[in-house]
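Bear in mind that the values in this text are calculations on the coordinates, not laboratory data. In this text the structure is predicted, and so the values were computed from the model without any measurement. Don't worry about glycine lacking a Cβ; one is built from the backbone with ideal geometry, like all the others, and counts go over all protein chains shown.
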Amino acid sequence: MELLDILVFGLAAVLLCLWWRYSPSPVSATAHRPERRLPPGPPGWPLVGNLLQVILQNRPFIYVVRDLRARYGPIFTMKMGQRTLVIVTSSQLIHEALVQRGPLFATRPPDSPTRLVFSVGKCAINSAEYGPLWRTLRRNFVTELINPVRIRQCAWIRKWAIEDHFKRLESEGLEKGYVEVMSNCRLTVCSILICLCFGAKISAEKIKHIEGVLKEVMMMTTPKLPDFLPVLTPLFRLQLKAARELRRRQMECLVPLIRERKAFVEGGGGGGASRNGGSGNEPGFEMLSPLGAAYVDSLLGLEPAGRELGDEELVTLCSEVISAGTDTSATAVEWALLHLVQDQGMQQKVYDEIVQHVGKDGLVDENDVEKMTYLGAVVKETLRRHPPSHFLLSHAPTEETELGGYVIPARATVEFYTAWVTQDPDLWADPDDFRPGRFLDGDGIGVDVTGTKGVRMVPFGAGRRICPAMTLGMLHVNLLLARMVHAYRWIPVPNDPPNPTETFAFTVVMKNPLKAIMLPRQEKSGLGGTKE
Ligand code: HEM
C-alpha cells in the first residue's frame with residue numbers, strides 16, 4: 001500500500017465512523033428512533049453493516065436473499081456499507097410500489113463511480129433518473145425502435161440472422177457432434193440488435209468482438225465493494241483505471257459504426273462513398289436499413305438536454321439496447337430448450353403445433369409464432385420458472401415514503417426480488433414443476449405478465465420502468481425457439497446430460513451451458529448433426 005493509500009484509508013475510516021454514528025441502521029432505527037422505522041433486517045457490524053457478512057458467504061446474492069426472506073418476511077433491510085438496501089419480495093408490496101404508487105418508486109439510485117464511466121452521467125434509459133431525460137429517451141426508443149411498423153419493417157434482419165444462426169450451428173454440430181446453445185443464441189440475438197441500432201450487417205468476427213466487449217462491460221458494472229463504500233473509492237484506483245480502459249475499447253468498437261451511419265444519413269441515405277452508402281472506411285460493413293430505420297438515426301436528431309448527443313452518449317445508448325436484449329432473450333431460449341431436451345414428448349407437441357401451422361417444409365415467420373398457443377405456453381412457463389433476472393434493476397423512491405408499514409428513505413436502493421413471486425406456493429400450484437399446460441387450462445390462465453392487474457409473474461418488471469421492449473424480446477425468444485425446433489430434434493448428449501444448476505452471470509443462467517445434439521427433421525435440411 002502506498003503512503004497516499006494509507007492517508008486516504010485513514011481519512012475514509014474517520015468519515016465512515018462519523019457516517020456510521022449519524023446514519024440509521026435497521027436495528028438502531030427501530031430501537032432508538034421509532035418514528036423512522038426501517039423494515040427489519042439482519043444486525044450488521046460497525047461501519048460495514050451486513051456487507052462483510054454477504055461477502056464472507058461467498059455465494060450469489062440471490063441465495064443470501066432467499067434465506068433472509070424466509071427469516072424476515074416480505075420486506076427487509078440490509079445495510080450494505082454506506083447504502084441502505086430495502087428488499088421487497090411479496091406480490092402485494094411489489095404491486096403497490098410499482099403499479100399503484102408507480103411514480104414514487106420510479107427513479108434509480110445513484111450510479112457507482114464505475115457505472116458512471118459507462119453511463120456518462122446516467123445518460124441511458126435504464127439508469128436515467130425519473131425525469132425529463134428519461135422520458136425523452138424512453139419515448140424515442142418506443143416510437144422509433146419498437147413500434148409495430150418498425151418491428152415488421154425489420155423482419156429481414158431476423159431472417160438473415162437466423163439463417164446465419166443455422167449455418168453456425170451446422171458447422172459446430174459437424175465439428176463437435178453437439179452444439180452449445182447459449183453462446184450461439186447470444187451471438188444471433190446480438191447481431192439482430194446491432195443491425196437494429198446501426199442499420200448494417202457487419203462481419204461475424206466484429207459481432208463476436210462487440211458481444212465480448214459488452215459482456216465485459218456488464219460484468220464490470222455489477223455491484224462491487226466501492227459501490228457500497230464510495231468513501232473508499234480512492235483505494236480502488238486500479239479498478240477505475242480498468243473501467244476507463246474497457247470504456248476506451250467499447251468506444252473503439254462502436255464509434256466507427258456510428259460514424260458510418262452518420263455519413264449514410266448525411267449523404268441522404270444512399271450514394272455515399274461506399275457501395276452501400278456511409279463513408280466506406282469500415283470493412284466488413286454493409287449498410288442495409290433505409291434512412292430513418294436504424295435506432296441511431298433517431299438519436300442523431302435528438303436533443304434531450306438541449307444539445308445534440310455526442311459519441312460518448314450515442315455509444316452508451318446503443319450499448320444499452322444490445323446488452324439489455326441479448327442475455328435476457330438468449331437465457332430464455334436456453335432454459336426453454338433444456339426442458340424440451342429433457343422432455344421429448346413436450347418437444348414433439350411444440351413441433352406438431354408448428355407443423356400444423358406451416359407444414360413440415362414451410363418457414364415459420366413472425367406472424368405464425370403469435371398464433372402458436374402451446375409454444376407461447378412453453379415460453380411463458382420458461383419465464384415463470386426461470387426468469388432471466390431474479391431482481392429488477394435497482395429502483396429508488398423519489399421521496400421518503402412508507403411501504404408495508406415501514407419507512408423507506410428517499411434515494412434508498414429498493415430491490416424487487418420478483419423471482420420469489422413465481423416460486424410462491426400461495427400463488428402457483430407446484431411452483432417448482434415445469435408445466436406449460438398451466439397456461440392453457442390451469443393456474444396460469446389469463447395471467448398478466450405486465451403486472452398491471454396483479455403481480456404473479458413479472459419477468460419484464462411492472463409500472464413506469466417496465467421493459468419497453470417486452471414484445472420484441474418475446475418475439476426473439478418465440479421465433480428462435482420455433483425455428484430451432486422446426487428444423488431439428490434436440491436430444492441430450494450421451495454421457496454429458498444437461499445439468500439445471502443455475503448461476504449468476506448478469507442473468508441467471510445454467511451453470512454448465514446446455515449442450516445438445518441436433519437431428520435434422522427433414523431429409524432436405526441436412527443442417528448439422530446426424531440425420532434421424
Ligand atoms: C426476454 C427478453 C427480456 C427480458 C426478460 C427483459 C427484462 C427486463 C427487466 C426485468 C427490466 C427492468 C425493469 C425495472 O427495472 O423495473 C428491463 C428493462 C429494460 N429493458 Fe428489457 N428485457 C428483455 C428484452 C429487452 C430488449 C430486446 C431490449 C431492447 C431492445 C430491452 C431494453 C430494456 C431497457 C431499455 C430497459 C430499461 C427501462 C427503463 O429503465 O425505463 N429489453 N428489461
task = Take each of the peptides 37-47, 85-95, average the number of other beta-carbon atoms within 10 Å over its residues, and list them starting from the highest.
result = 85-95, 37-47
remark   = Given backbone amide H placed at 1.01 Å from N, residues whose amide H is under 5 Å from that of residue 493, ignoring those fewer than 5 places away on the same chain, are 517
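When the gyration tensor of the chain is built from Cα positions, what are the square roots of 5 times its three eigenvalues, in whole Å, from largest to smallest?
39, 30, 22
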query = What ³J(HN,Hα) values, in whole Hz, does the Karplus curve 6.51 cos²θ - 1.76 cosθ + 1.60 give for segment 202-214 when θ = phi - 60°, with x put for Gly and Pro?
reply = 10, 5, 4, 5, 5, 4, 4, 5, 4, 4, x, 5, 5
task = For each of 329, 289, 298, 389, count neighbouring Cβ atoms within 10 Å of the residue's Cβ, then give the residues from fewest to most.
result = 298, 389, 289, 329
Alpha carbon centroid spacing (whole Å) that separates segment 65-95 from segment 415-482 = 21 Å
key: Degrees separating the helix 237-266 axis from the principal Cα axis of the chain, which is the longest one   = 40 degrees
remark   = Whole-Hz Karplus couplings 3J(HN,Hα) for segment 297-312, θ = phi - 60° and coefficients 6.51, -1.76, 1.60, Gly and Pro as x, run 4, 5, 6, 5, x, 9, 10, x, 10, x, 8, 5, 7, x, 4, 4
remark   = Whole-Hz Karplus couplings 3J(HN,Hα) for segment 417-429, θ = phi - 60° and coefficients 6.51, -1.76, 1.60, Gly and Pro as x, run 8, 6, 5, 4, 4, 8, 9, 6, x, 6, 9, 9, 6
query = Between the helical axis of 181-198 and the dominant principal axis of the chain, each derived from Cα atoms, what acute angle in degrees is found, rounded to the nearest 10?
reply = 90 degrees
query = Can you give the angle from 0 to 90° between the axis of helix 3-22 and the longest principal axis of the chain, with both taken from C-alpha atoms, to the nearest 10?
reply = 70 degrees
ask   = Can you give the extra length, in nm with one decimal, that the chain gains between residue 471 and residue 366 once fully stretched, where that is 0.36 nm per residue apart less the Cα-Cα distance?
value = 36.6 nm
note = Counted neighbours (other Cβ, 10 Å), sorted fewest up, put 496, 164 in the order 496, 164
query = PRE reach from residue 355 (point 7 Å along Cα→Cβ): which of segment 464-488 fall under 15 Å by backbone N?
reply = 485-488
key: Residues whose placed amide H lies under 5 Å from that of residue 414, excluding near-sequence neighbours   = 86, 395, 396
request  = Grab the DSSP H runs of the chain that are 4 residues or longer, score each as -39,500 (n - 2.57), total them, divide by all residues and round the 222 nm result to the nearest 500 deg cm²/dmol.
outcome  = -16000 deg cm²/dmol
request  = Could you list 486, 476, 357 in order of exposure, starting from the residue whose Cβ has the fewest other Cβ atoms within 10 Å?
outcome  = 357, 486, 476
